[in-house]
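The block underneath contains the structure these notes are about, expressed in structure tokens.
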Amino acid sequence: MGASGPRSFDPVVVGNRETDAWTAYYLHDWRRFLVASVGLVGAAFGMTPRRTVLGAWFVLRANQVWAPYPDNEPDAARAYMRRFFELVVQEHGLDLDPAQAARLEVEWWRIHRDGPEEQLEDALVDLYSYAYDAKREAIRPAARKRVEAMDLSDRWVKAGCRRDDPLLAGERRALVASYAALRTAVEVRPDRP
């Protein structure tokens, strides 16, 4: 398939790494989260090793300051995610505002946590269409599958976070499907740089 990057990545690898990160997040296993995040950032964004590790650190810190409920720090989470998106922009020369991308990223986190749940798909469409400069209708299937994965993840958490729970396998399949739909919508084509 070629090199990975923001528009060309392996959806199976990225979906598996994200599942691992979500699992570690809900278990508050920050060491495992960082390992999963390094794999996720590397597979999804194709940055240099230094930027990959630094980006994964920013993602970890954003999630750590977001995790406490209800006493989380959304401004700090946005600041860490802005720093993450700055690395992505530097690596790939993308035309996007890291602060706006961070705002959209943390907004879907907020909606997932606080609702209204019916706005979650639209929040993901907002993020994806902005970050990938893609048409909203092309991105919607990826957002829909990601919401499905979140629902399965939420059910897994409520059921006790067992690693052998079939809900976790369903979450993994939904995230892989989400990333497959995202890659189809945004991958580089001959008519598009």
field: Within segment 134-193, tally of residues that are acidic (D, E), touching a helix residue (DSSP H, G or I) at 6+ places or on another chain (Cβ under 6 Å) and in a loop (DSSP other than H, G, I, E, B)
entry: 1
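Residues checked against (1) modelled with pLDDT of 95 or more; (2) β-branched (V, I, T):
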{"residue": "V41", "(1), (2)": "yes, yes"}
{"residue": "R50", "(1), (2)": "yes, no"}
{"residue": "G55", "(1), (2)": "yes, no"}
{"residue": "L60", "(1), (2)": "yes, no"}
{"residue": "N63", "(1), (2)": "yes, no"}
{"residue": "E73", "(1), (2)": "yes, no"}
{"residue": "G93", "(1), (2)": "no, no"}
message: Under 6 Å between Cβ atoms, which residue pairs at least 6 apart in sequence (or on different chains) link something in segment 27-50 that is under 12 Å from N63 (Cα atoms) and free of Cβ contacts under 8 Å to residues at least 24 places away in the same chain with a partner that is surrounded by fewer than 17 Cβ atoms within 10 Å (Cβ to Cβ) and of a type outside the set (V, I, T)?
response: none
message: I need every pair where a residue in segment 132-149 that is β-branched (V, I, T) has its Cβ under 6 Å from the Cβ of a residue that is assigned to a helix (DSSP H, G or I), sequence separation at least 6 or different chains.
response: I139/V125; I139/Y128; I139/S129; I139/A185; V147/L120; V147/E121
statement: Just one listed residue, out of A123, A99, is out of contact with any strand residue (DSSP E or B) (no Cβ under 9 Å at 6 or more places or on another chain), modelled with pLDDT of 95 or more and surrounded by 17 or more Cβ atoms within 10 Å (Cβ to Cβ), and it is A123
- line: Scanning segment 23-33 residue by residue, those surrounded by fewer than 19 Cβ atoms within 10 Å (Cβ to Cβ) and touching a helix residue (DSSP H, G or I) at 6+ places or on another chain (Cβ under 7 Å) turn out to be Y26, W30, R32
Leading residue by the ranking (surrounded by the most Cβ atoms within 10 Å (Cβ to Cβ)) among those in segment 36-67 that are touching a strand residue (DSSP E or B) at 6+ places or on another chain (Cβ under 9 Å) and outside any helix (DSSP H, G or I): M47
query: touching a Ser or Thr at 6+ places or on another chain (Cβ under 6 Å), modelled with pLDDT under 95, surrounded by 13 or more Cβ atoms within 10 Å (Cβ to Cβ) and on the phi < 0 side of the Ramachandran plot: does that describe E171?
result: no
task: Read through the list (1) over 24 Å from A185 (Cβ atoms); (2) crowded, with 19+ Cβ neighbours inside 10 Å, then give the number of the only condition that N72 fails.
output: (2)
statement: Matching residues in segment 75-85 (surrounded by fewer than 19 Cβ atoms within 10 Å (Cβ to Cβ) and touching a residue at least 12 places away in the same chain (Cβ under 8 Å)) number 3
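The values are calculated or read from the model by the stated rules, or taken from the named source; none is laboratory data. From a predicted model like this one, the values you see are computed outputs, not experimental measurements. Note that we place each Cβ from the backbone using ideal geometry, even for glycine, and neighbour counts take in every protein chain shown.
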